[in-house]
């Protein structure tokens, strides 16, 4: 089983949207997928409860109080973890220690840029990351192309020497589908194809042979 942690100490950056969307993408491949919610708000668990029974199954795990891989049943191919907002100290060490990939969503605002830079520096000091056993994937989220905010974000990341794994645009489809426990990979309509394609770099990185 491979574990993917979606994390950032800055709230409102879209962690739950990325975690649920990634889970639907992996489930769409026919993989057995689990989704663990380690955030006290339990937004991911609420999303799973509203998921229609006829859709591809995603197993639910409540990690808001206790987080142990020993409680995960055998047979899962992937476990996606929606991290708590206040991810630091031993909490960060424990969750990152379980992950192969750490996806960090980032909004194009100066407040998010500053907070995310502090977060990245903290988790880059964690032993597993330093040894290269867990990679960090920085994903700007809700980006409006050719906007001043997008240009400022690109400039800052370039100056900071940060590589971007993918960039996700600001699309209402995410929220519209999430209201019914769905994600963009649950629907194959042509109108969603450009949105799904933005995820290709992420999916190819975590599963190059898929």
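Any residue in the stretch 115-128 that is touching a strand residue (DSSP E or B) at 6+ places or on another chain (Cβ under 6 Å), on the phi < 0 side of the Ramachandran plot and surrounded by 17 or more Cβ atoms within 10 Å (Cβ to Cβ)? There is at least one residue in the stretch 115-128 that is touching a strand residue (DSSP E or B) at 6+ places or on another chain (Cβ under 6 Å), on the phi < 0 side of the Ramachandran plot and surrounded by 17 or more Cβ atoms within 10 Å (Cβ to Cβ).
Residues that are crowded, with 17+ Cβ neighbours inside 10 Å and either at pLDDT below 85 or on the phi > 0 side of the Ramachandran plot (or both) are absent from the stretch 167-174. Does the stretch 188-201 hold any residues that are in contact with a helix residue (DSSP H, G or I) (Cβ under 9 Å, 6 or more places away or on another chain) and either outside any loop (DSSP other than H, G, I, E, B) or modelled with pLDDT of 95 or more (or both), and which are they? Correct list: 191, 192, 195, 196, 199. Among the residues of the stretch 141-164, those that are in a loop (DSSP other than H, G, I, E, B) and either at pLDDT below 90 or more than 21 Å from the chain's Cα centre (by Cα) (or both) comprise 144, 145, 146, 147, 160, 161, 162, 163. Residues that are in a helix (DSSP H, G or I) and in contact with a helix residue (DSSP H, G or I) (Cβ under 8 Å, 6 or more places away or on another chain) within the stretch 94-126 comprise 96, 97, 110, 113, 122, 123, listed in sequence order.
Given the criteria assigned to a loop (DSSP other than H, G, I, E, B), modelled with pLDDT under 95 and surrounded by 19 or more Cβ atoms within 10 Å (Cβ to Cβ), does residue 138 qualify? So residue 138 fails the test. In the stretch 90-104, the condition of being surrounded by fewer than 19 Cβ atoms within 10 Å (Cβ to Cβ), over 26 Å from residue 173 (Cβ atoms) and at pLDDT 90 or above is met by at least one residue.
Within the stretch 127-141, the residues that satisfy the criterion of being more than 14 Å from residue 11 (Cβ to Cβ) and touching a helix residue (DSSP H, G or I) at 6+ places or on another chain (Cβ under 9 Å) are 127, 128, 129, 133, 134, 135, 136, 137, 138, 139, 140.
For the stretch 150-178, the candidate set comprises residues that are out of contact with any helix residue (DSSP H, G or I) (no Cβ under 9 Å at 6 or more places or on another chain) and in contact (Cβ under 8 Å) with a residue 24 or more places away in the chain; within that set, the residue that is nearest to residue 48 (Cα to Cα) is 170. Only one of the listed residues (34, 53, 75) is in contact (Cβ under 8 Å) with a residue 40 or more places away in the chain and farther than 19 Å from residue 99 by Cβ. That residue is 75. Applying the condition of being touching a strand residue (DSSP E or B) at 6+ places or on another chain (Cβ under 7 Å) and surrounded by 11 or more Cβ atoms within 10 Å (Cβ to Cβ) to the stretch 145-163 and asking which residue is nearest to residue 194 (Cα to Cα) yields 150.
The values are calculated or read from the model by the stated rules, or taken from the named source; none is laboratory data. All values derive from a computational prediction rather than experimental measurement. Here Cβ is always computed from backbone atoms with ideal geometry, including for glycine, and neighbour counts include all displayed protein chains.
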